[in-house]
């Protein structure tokens with residue numbers, strides 16, 4: 001039976017959950033994920049936990065916010081005018097918008113979550129929705145090459 005080493009090609013299924021039990025990503029055994037370890041497709045903590053394991057093993061790994069999607073940044077929560085969203089969008093708390101942000105003369109589409117609406121102002125959070133959260137993975141190793 002092959003064991004996983006750095007640069008092994010592996011096929012896995014996994015469930016990613018937040019501490020509150022909410023599932024943020026799921027890859028089941030019917031549509032597994034194949035990757036080469038060391039290509040940074042998984043957080044380093046998960047990759048390291050897979051080293052030395054074999055097909056059939058199930059591991060549980062907790063990833064810190066810093067290694068996952070980073071900590072929450074207060075600077076990424078901003079208030080903007082409702083008018084800047086145009087006439088077709090009626091912002092509501094929890095709504096995720098795709099907004100255009102210019103940086104160094106280049107426009108980028110970024111997701112932003114509406115936090116609150118007060119009068120003609122909208123509080124927008126540009127942090128990734130998983131920023132600031134620990135990510136808990138349960139990984140099932142299906143195949144090792």
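The values are calculated or read from the model by the stated rules, or taken from the named source; none is laboratory data. Every value quoted in this text rests on a predicted model; they were computed, and no experiment measured them. Here the Cβ positions follow ideal geometry from the backbone for every residue, glycine too, while neighbour counts run over all protein chains shown.
Every residue, every condition in (1) surrounded by fewer than 14 Cβ atoms within 10 Å (Cβ to Cβ); (2) touching a residue at least 24 places away in the same chain (Cβ under 8 Å); (3) in a loop (DSSP other than H, G, I, E, B), yes or no:
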position	(1), (2), (3)
69	no, yes, yes
92	yes, yes, yes
99	no, yes, no
113	no, no, no
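Only a single item in (1) in contact with a strand residue (DSSP E or B) (Cβ under 8 Å, 6 or more places away or on another chain); (2) at pLDDT 95 or above; (3) surrounded by fewer than 16 Cβ atoms within 10 Å (Cβ to Cβ) is not met by residue 64, and it is number (1).
Could you list, in sequence order, all residues of the range 115-138 that are part of a strand (DSSP E or B) and either under 21 Å from residue 24 (Cβ atoms) or in contact (Cβ under 8 Å) with a residue 24 or more places away in the chain (or both)? Hits for the range 115-138 are 115, 117, 121, 122, 123, 124, 125, 135, 136, 137, 138. For the range 26-45, filtering for residues that are closer than 21 Å to residue 1 by Cβ and not in a loop (DSSP other than H, G, I, E, B) leaves 4. Selection over the range 1-17 of residues that are outside any strand (DSSP E or B), surrounded by 12 or more Cβ atoms within 10 Å (Cβ to Cβ) and in contact with a helix residue (DSSP H, G or I) (Cβ under 9 Å, 6 or more places away or on another chain) gives a count of 2. Check off (1) in contact with a strand residue (DSSP E or B) (Cβ under 8 Å, 6 or more places away or on another chain); (2) over 30 Å from residue 2 (Cα atoms) for residue 88 and give me the number that stays unchecked. Tallying (1) in contact with a strand residue (DSSP E or B) (Cβ under 8 Å, 6 or more places away or on another chain); (2) over 30 Å from residue 2 (Cα atoms), residue 88 fails exactly one: (1).
Of everything listed in (1) part of a loop (DSSP other than H, G, I, E, B); (2) within 23 Å of residue 6 (Cα to Cα); (3) touching a helix residue (DSSP H, G or I) at 6+ places or on another chain (Cβ under 9 Å), the single unmet condition for residue 62 is (1). In a residue-by-residue description of the range 107-115, the property of being more than 30 Å from residue 41 (Cβ to Cβ) and in contact with a helix residue (DSSP H, G or I) (Cβ under 7 Å, 6 or more places away or on another chain) applies to no position. Against the conditions (1) surrounded by fewer than 11 Cβ atoms within 10 Å (Cβ to Cβ); (2) farther than 20 Å from residue 132 by Cα; (3) without any contact (Cβ under 8 Å) to a residue 40 or more places away in the chain, residue 20 satisfies every one except (2). Name the residues in the range 39-53 that are loosely packed, with under 12 Cβ neighbours inside 10 Å and either within 16 Å of residue 138 (Cα to Cα) or in contact (Cβ under 8 Å) with a residue 24 or more places away in the chain (or both), would you? Across the range 39-53, the qualifying residues are 44, 52.
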